[in-house]
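S.K.: Sharing a structure below in structure tokens format, with a few things to ask.
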Amino acid sequence: MKVLFCTSEVVPLVKTGGLADVSGALPVALGRIGVDCRVLLPGYPQVLENTAPLEFHCDLTGLPGQPTARLLRGALPGSDTCLYVLDVPAAYDRPGGPYQDTQGEDHADNAWRFALLAKAAALLASPLSPLGWRPRVLHCNDWPTGLAPAYLHFMGVATPSLMTVHNLAYQGIFPREVLPDLELPPESFSIDGVEYYGNLSLLKAGLYYAGRLSTVSPTYAREIQRSPLGMGLEGLLASRAGELTGILNGIDSVEWDPAADPHLSCAYSARDLSDKRHCKQALQARMGLQADPDAPLFGLIARMTHQKGLDLVLDVVDGIVHRGGQLVLLGTGDAAIERAVRDTCARHPGRVACLIGYDEALSHQIEAGADAFLMPSRFEPCGLNQMYSLRYGTVPIVHATGGLADTVEDGVTGFVFREPSAHALWLALEQALTLYADRAAWRRLMKNGMQQDFSWQNSAQSYLTLYRGMV
Ligand code: ADP
């Protein structure tokens, strides 16, 4: 099986979200089960600087606007997975992130920048490919790659394409005026095409023209076929329900291993949990919480956005403290949410603590040191933290949505509540607080969670089955 995996971000080179984690892990996991999966990525400065050695492979012609374009070849850092880098200085050699400038504003020519990536992918998957290697499947990811299936269609190329949605909230919407810059035929601007409520949507293009669709959990695959989580695309997605699959993401089980985690001063496993209490002690000390081994300690790590439901948690904080619990929060995001979190901590010194910012080491220390982990997301395509929590014996308390519903089993590995409301969260918390007092029952929950297998190997196998069904 040969697959070209087209993406706009990949760890550790360039990351704004979960797509980068998937792009760094899935192609490698596919390689391990015999798939020749090669990655195509734009040549942002940080990619050109940090992927040594990159060799010139060929010039690339036929891209929209005919810019000078070269294809470079290297490997994903730390692996032998082939990486093709699309080097178009006019599009990618600029400061800032993959989508935004240093001021946090979207690059004005994003539609064109990602049309280049999509067209390059389509060319490499076509008989015109200069690679001397042709994928049997083109795997596209999120809106930056959404035009690739459209280009394949208008080039008359039959290579099957898969469009994967990592988060439907980001759709790559642009005014129709950019259409000529993308060199798509005018007839593509139609409801049966790339048009979306009078604008152009790159994601919709992918969802319309790709042969198969997937997303990152089975429950999210169902949820996006209805309002509100379909976010305007539910009609199209429901009409393609038979071609839409949900495949759970995996986690990096080397980086997230409580038995060998360099960010921790302790190590433990399902067989010997005794040292987990040292992690709790260390976390309480680091965060200025009262040193209390018996206080149920709740953790939360999230981008502080409406999606993640932090307001629900803030509504139940008094109850947690009243029942003798503690809470530690880590995250950054909307200023108003950050302020509310800081205010809550100030009201409960020694019981509720936060760090507003991004801190990789602390995120590991929370996963290890907390007794339970809160994830009241309003929606969650897959979610990683609940899987890290299960692996770390930190009992997840989650809203039944997306990947949370698919990975946490109520009363067996964690607590699952049905409504994204403070009341429903509180009822789940009360159950957790009650069970916490029964040490043997709590331990059973921890061990059940630690026995789950969320390795990339499972996901890779499911993608391979999907690819096979496409060719
Ligand atoms: P999303 O992709 O919607 O942000 P996920 O749960 O899928 O949510 O993944 C989030 C990832 O980012 C997790 O690995 C989480 O631990 C990490 N993360 C989020 N915020 C922070 C932070 N402030 N500091 C450290 N890690 C964070």
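The values are calculated or read from the model by the stated rules, or taken from the named source; none is laboratory data. If you're wondering where the values come from, they're calculated on a predicted model, not measured in any experiment. FYI the Cβ positions are ideal-geometry reconstructions off the backbone, even for glycines, and counts take in every protein chain you see. With ligands, DNA and RNA removed, areas are computed over all heavy atoms of the protein, side chains included. Shrake-Rupley method; radii C 1.70, N 1.55, O 1.52, S 1.80 Å.
S.K.: Protein chains only, probe 1.4 Å: how do E177, E360, E367 rank by accessible area, largest first?
M.R.: Greatest to least solvent exposure: E177, E360, E367.
S.K.: Past 29 Å, Cα to Cα: identify those pairs from K308/K447; K2/K308; K15/K276; K2/K447, in the order given.
M.R.: Violating the 29 Å limit, Cα to Cα: K2/K308; K15/K276; K2/K447.
S.K.: Solvent-accessible area of L54, probe 1.4 Å, all protein chains present, reported in Å² to the nearest ten, please.
M.R.: The value for L54 is about 50 Å².
S.K.: Hey, can you find the accessible area per residue of the range 276-453 for me, probe 1.4 Å, expressed in square angstrom?
M.R.: 38 Å²
S.K.: In deg cm²/dmol and to the nearest 500, what is the mean residue ellipticity at 222 nm of the chain if only DSSP H runs of at least 4 residues count, each as -39500 (n - 2.57), divided by the residue total?
M.R.: Only helices count here, giving -11000 deg cm²/dmol.
S.K.: Can I ask one more? Nearest 20 debye, what's the magnitude of the dipole of the range 188-301 about its Cα centre given +1 on Lys and Arg Cβ and -1 on Asp and Glu Cβ?
M.R.: 160 debye
S.K.: Shifting gears a bit: Where in the range 350-389 is the amide nitrogen less than 18 Å from a point lying 7 Å along the Cα-to-Cβ axis of D410?
M.R.: 373-380
S.K.: Give the residue from G96, L229, G403 lying farthest towards the positive end of the charge dipole for the chain; charges sit on Cβ (+1 for Lys and Arg, -1 for Asp and Glu) and the dipole is referred to the Cα centre.
M.R.: My answer, from the dipole projection, is G403.
S.K.: Now, a different point. Q281 to D101: extension gain in nm, 0.36 nm per residue of separation minus the Cα-Cα distance?
M.R.: Difference between extended and current length: 60.6 nm.
S.K.: Run the numbers for A361 and K2: contour at 0.36 nm per residue of separation, minus the present Cα-Cα distance, in nm.
M.R.: Gain in length upon complete extension: 125.5 nm.
S.K.: Now for a different question. How do 386-394, 267-275 rank on mean C-beta neighbours within 10 Å, highest first?
M.R.: 386-394, 267-275
S.K.: Specify whether the C-alpha gyration tensor of the range 225-363 places it in the rounded, prolate or oblate class, a ≥ b ≥ c being the square roots of the eigenvalues: rounded for a/c under 1.5, otherwise prolate if a/b is larger than b/c and oblate if not.
M.R.: Here the range 225-363 falls in the oblate category.
S.K.: Mind listing which chymotrypsin sites (Phe, Trp or Tyr not before Pro) in the range 141-203 are in a DSSP loop and have 16 or fewer other Cβ atoms within 10 Å?
M.R.: F189, Y197
S.K.: Around D252, what is the net charge, scoring Lys/Arg as +1 and Asp/Glu as -1 over all other residues with Cβ under 11 Å from its Cβ?
M.R.: Result for the neighbourhood of D252: -2.
S.K.: With a sphere of radius 15 Å drawn around the Cβ of W426, what net charge do the other residues whose Cβ falls strictly inside it have (Lys, Arg +1; Asp, Glu -1)?
M.R.: Spelling it out: positives minus negatives among the neighbours equals -3.
S.K.: FRET efficiency for Y197 and S462, Cβ-Cβ distance as r, R0 = 51 Å, nearest 0.05?
M.R.: The calculated FRET efficiency here is 0.95.
S.K.: Continuing with the same structure: Could you tally the net charge around L312, taking each other residue with its Cβ under 14 Å from the Cβ of L312, Lys/Arg +1 and Asp/Glu -1?
M.R.: Net local charge, L312 excluded: -2.
S.K.: When the dipole is taken about the Cα centre of the range 276-453, and only Lys, Arg (+1) and Asp, Glu (-1) are charged at their Cβ, what size is it in debye, to the nearest 20?
M.R.: The dipole magnitude comes to about 440 debye.
S.K.: In whole percent, and with a 1.4 Å probe on the protein chains, what portion of the accessible area of the range 282-432 is carbon and sulfur?
M.R.: The C+S portion of the solvent-accessible surface of the range 282-432 is 52 percent.
S.K.: Quick one: go through the range 282-313 and flag any residue whose amide nitrogen is under 16 Å from the point 7 Å out along the Cα-to-Cβ line of M231.
M.R.: 303-309
S.K.: Amide H to amide H under 5 Å from C354: which residues, 5+ apart in sequence or cross-chain, H placed 1.01 Å off N in plane?
M.R.: L329
S.K.: Another one. Roughly speaking, what is the stretch gain from A270 to Q452, that is 0.36 nm per residue apart minus the C-alpha to C-alpha distance, in nm to one decimal?
M.R.: 64.4 nm
S.K.: Starting from the amide H of F373, placed 1.01 Å from N in the peptide plane, find each other amide H under 5 Å away whose residue is 5 or more places distant or on another chain.
M.R.: Distant-sequence amide H within range of F373: G299, V395, I397.
S.K.: Place +1 on the Cβ of every Lys and Arg and -1 on the Cβ of every Asp and Glu in the chain, take the dipole about the Cα centre, and give the residue among G383, H107, N199 whose Cα lies farthest towards its positive end.
M.R.: Checking the options against the dipole of the chain, the answer is G383.
S.K.: Just to check I understand the Karplus step: with θ = phi - 60° and J = 6.51 cos²θ - 1.76 cosθ + 1.60, what whole-Hz values come out for the range 374-379, glycine and proline as x?
M.R.: Computed from phi, the couplings for the range 374-379 are 9, 9, x, 3, 5, 9 Hz.
S.K.: Treating the beta-carbon of each Lys and Arg as +1 and of each Asp and Glu as -1, no other charges, what is the dipole magnitude of the chain about its Cα centre, to the nearest 20 debye?
M.R.: For the chain, the charge dipole is close to 880 debye.
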